[in-house]
1. Quickly run through segment 5-55 and pick out the residues that are closer than 17 Å to K260 by Cα, modelled with pLDDT of 80 or more and surrounded by 15 or more Cβ atoms within 10 Å (Cβ to Cβ).
2. Which of (1) at pLDDT 95 or above; (2) part of a loop (DSSP other than H, G, I, E, B) is the odd one out, the single condition I189 does not satisfy?
3. Identify, by number, the condition in (1) over 28 Å from F123 (Cα atoms); (2) assigned to a helix (DSSP H, G or I); (3) open to solvent by 60 Å² or more (accessible area, probe 1.4 Å) that S290 doesn't meet.
4. For residues that are without any contact (Cβ under 8 Å) to a residue 40 or more places away in the chain and aliphatic (A, V, I, L, M), tally how many sit in segment 287-315.
5. I'd like the residue in segment 176-186 that is within 21 Å of G124 (Cβ to Cβ) and crowded, with 22+ Cβ neighbours inside 10 Å and, out of all such residues, is farthest from the chain's Cα centre (by Cα).
6. Can you name every residue in segment 83-137 that is among the aliphatic types (A, V, I, L, M) and without any contact (Cβ under 8 Å) to a residue 40 or more places away in the chain?
7. Of the conditions (1) at pLDDT 95 or above; (2) open to solvent by less than 50 Å² (accessible area, probe 1.4 Å), E79 satisfies every one except a single condition; which number is it?
8. Given the options S245, S290, S280, S274, name the one that is of a type in the set (S, T, N, Q) and over 20 Å from the mean Cα position of the chain (by Cα).
Amino acid sequence: MNFQELKKLENHIVELREMSLKHELDLMEVLKNLEQKANEIKSHLHENMDIWDKIKLSRIQQRPTTLDFIHHIFEDFIELHGDRLYGDDPALVSGIATFEGVPITIIGNQKGKNTKDNIYRRFGMSQPEGYRKALRIMQQANKFNRPIVTFINTPGAFPGREAEERGQSEAIARNLREMASFGVPIICIVIGEGGSGGALALGIGNRIFMLENTFYSVISPEGAAALLWKDATQAKRAAEVLKISAKDLLELGVIDEIIKEPVGGAHIDLPLQSQYIKASLRKALQELGSLDNGMIRQQRFDKFRKIGVYMEEKLD
C-alpha cells in the first residue's frame, strides 16, 4: 500500500465516523480496527520511504512554514522588514524573539499556505533584497550578541531577470562570506526543501539540522537530471545519485543531526514537531553558549573545512 491508498483508507474512516454519528450506529469496533490498520500502514510506510518519497513530502503545501514554527517555538516575535537598499521581500521573514528567555534572531524562507499566498511569497524563492535583508538582520544580531537561527525551506533563489539585474549571485555570495565571520552561534534547520544557493545563503552555521523528510542540495533533482541526462523526468534517479537526504548528509558529515518527524510527516502534528525542534535547539544553544566569539568562528571554520572525502594514491 502507498500513501495514496492510505489516504483513501483514512477518508473512509472519516466517512464511517460521520455516518455513525448521523445515523446513531455503533461502529466503534469497526472504526477501532480500521484506525489500528491505518496506523500500522503509516508506520510501515514511514520506515520504508525512499528518497523520492521524502522529497515529495518535503514539498507538500500542508508542510509547516517558518512562521508556523516561529509561533510554536519562540515567544514575543517581532518581524523586521526591508533591506534599506531596495525594498522588502515577503519570501524571506526575519525578526527577533526570545527562546526560553534568551533573545534570538530568526531568519527563514517563507512559503505560502495557498495559491494566492504562494504567489505573494514567490513559493519561498527570494530576490536579492531578501538576502540583503537577512544579512542586515544577522549583522544586527552579531552587534548585539544574539544567537541566530535560520529556517531553510526553498526550491532555490528566484530565477527571474529582475533578480539577476539587482545582483542575485552577489547577494548570496556576500551572505556566505559574512555568516562565516560572525562571532555569535548560528543554527540552521532545514524544514522542507533545501535547494541551491537560495538555501545555502542561510546555511553557514555552527550546527546544521535537517528534519527527517527533507533534502539539502546545491541543485534540485530536476535540475540535475536536466543537466546530466537532458531529461528532467529522471529527477528520481538524480535524487538517489546526489545523496541529498538527511540520512546521507549525516553520514557524509555535511549536517550535524536529524530531527525526527511525527509518523506521516511534520504537518501531521505541528506542536509535536515543534517540541522536537525545541529540544535540538535547546541543546545546541547550551553547547555553543559556553564558547567565546573567537571559538565560535573557529568551530564554524573547522566544521566546513573538514567536509568532503578524497582518496590518496601513491605514485610509482
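The values are calculated or read from the model by the stated rules, or taken from the named source; none is laboratory data. Values in this document were obtained by computation on a predicted structure and should not be read as measured data. All Cβ positions, even for glycine, are placed from backbone atoms using ideal geometry, and neighbour counts span all protein chains on display. Calculation scope for accessible area: heavy atoms of the full protein, side chains included, ligands and nucleic acids excluded. Shrake-Rupley method; radii C 1.70, N 1.55, O 1.52, S 1.80 Å.
1. M49, I51, D53, K54, I55
2. (2)
3. Every listed condition holds for S290 apart from (2).
4. Result for segment 287-315: 3.
5. M179
6. V93, A97, I119
7. Looking at each condition in turn, E79 falls short on (2).
8. That would be S290, the only listed residue that is of a type in the set (S, T, N, Q) and over 20 Å from the mean Cα position of the chain (by Cα).
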